[in-house]
Amino acid sequence: MSFYDVETLKKGLYDIVFFSFSFMLMPDRKQALELAKRITKDGGRIIFMLTLNRSRNALFERLKPLIKRITTIDFGQVVYENDFTELLEASGLTVRTKQRLYSRFNPLFWIFPIHYVEVSKTQTRNWLC
């Protein structure tokens with residue numbers, strides 16, 4: 001099922017929604033976050049593994065579509081750290097953990113800034129009057 005079809009799922013069904021490098025492929029990231037929030041329980045977490053670039057990178061912006069044409073593998077759009085942070089804040093999500101990942105054995109981790117980001121939904125409060 002397409003992630004955008006999760007609207008049919010029950011609200012607050014999941015403890016965790018995990019975007020494993022798929023967030024870069026989402027055509028409407030704001031809608032994807034709203035759906036993730038909808039299906040995540042109060043106090044639940046939304047987790048991302050993605051490449052976050054700090055500054056504009058024309059090379060990566062040209063390279064990703066080129067790789068897709070050559071290999072048919074779609075690596076999505078380049079995601080910039082500031083844009084991603086603003087999107088999370090606008091969606092009412094709070095960053096719990098954000099960490100760049102490194103590997104001594106895989107040089108791609110040094111070339112591409114791969115991050116683990118964990119956010120939480122703002123809990124809904126039930127007020128008794």
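The values are calculated or read from the model by the stated rules, or taken from the named source; none is laboratory data. Every value quoted in this text rests on a predicted model; they were computed, and no experiment measured them. Positions of Cβ are generated from backbone atoms using ideal geometry, with glycine treated the same way; all protein chains shown enter the neighbour counts. For the accessible areas, the whole protein counts, side chains as well, though only heavy atoms, and no ligand, DNA or RNA atoms are used. Shrake-Rupley method; radii C 1.70, N 1.55, O 1.52, S 1.80 Å.
Determine which lysines satisfy two conditions relative to LYS41: a Cα distance under 20 Å, and not lying fewer than 8 residues away in the same chain.
Cα-Cα hits under 20 Å: LYS10, LYS11, LYS30, LYS121.
Tell me, in nm to one decimal, what length is gained between GLU34 and ASN82 on full extension, where the rule is 0.36 nm per residue of separation less the Cα-Cα distance? Each step should come with its number before you reach the end.
Numbers: separation 48, 0.36 × 48 = 17.28 nm, distance 1.90 nm.
Length gained between GLU34 and ASN82: 15.4 nm.
Once the mean 1/r over all distinct Cα pairs of the range 1-83 is inverted, what Kirkwood radius in angstroms do you read off? Numbers along the way, then the final one.
On the way: mean 1/r = 0.0707 Å⁻¹.
One over the average 1/r among Cα pairs gives 14.1 Å for the range 1-83.
Computed FRET efficiency, Cβ-Cβ of ARG54 and LEU13, R0 30 Å: what is it to the nearest 0.05? Write down the numbers at each step before the final one.
On the way: r = 35 Å, r/R0 = 1.17.
Taking R0 as 30 Å, the efficiency between ARG54 and LEU13 is 0.30.
Once you place label points 7 Å from the Cα toward the Cβ at TYR102 and ARG69, how far apart are they in nm?
3.6
Which whole-number percent of Cα pairs in the range 17-129 have a distance greater than 23 Å? It would help to have the intermediate numbers written out before the result.
Values: 2176 of 6328 pairs.
The share of Cα pairs beyond 23 Å in the range 17-129 comes to 34 percent.
Enter the accessible area of SER55 (Å², nearest 10), with the probe set to 1.4 Å and all protein chains included.
Spelled out: SER55, probe radius 1.4 Å, area about 80 Å².
Hey, if we sort LEU13, LEU59 by accessible area with the 1.4 Å probe, largest down, what's the order?
Numbers: LEU13 75, LEU59 110 Å².
Putting LEU13, LEU59 in descending order of accessible area: LEU59, LEU13.
Just the accessible area per residue of the chain, please: how many Å² with a 1.4 Å probe?
Details: 8690 Å² over 129 residues.
So the chain comes to 67 Å² accessible per residue, rounded to a whole number.
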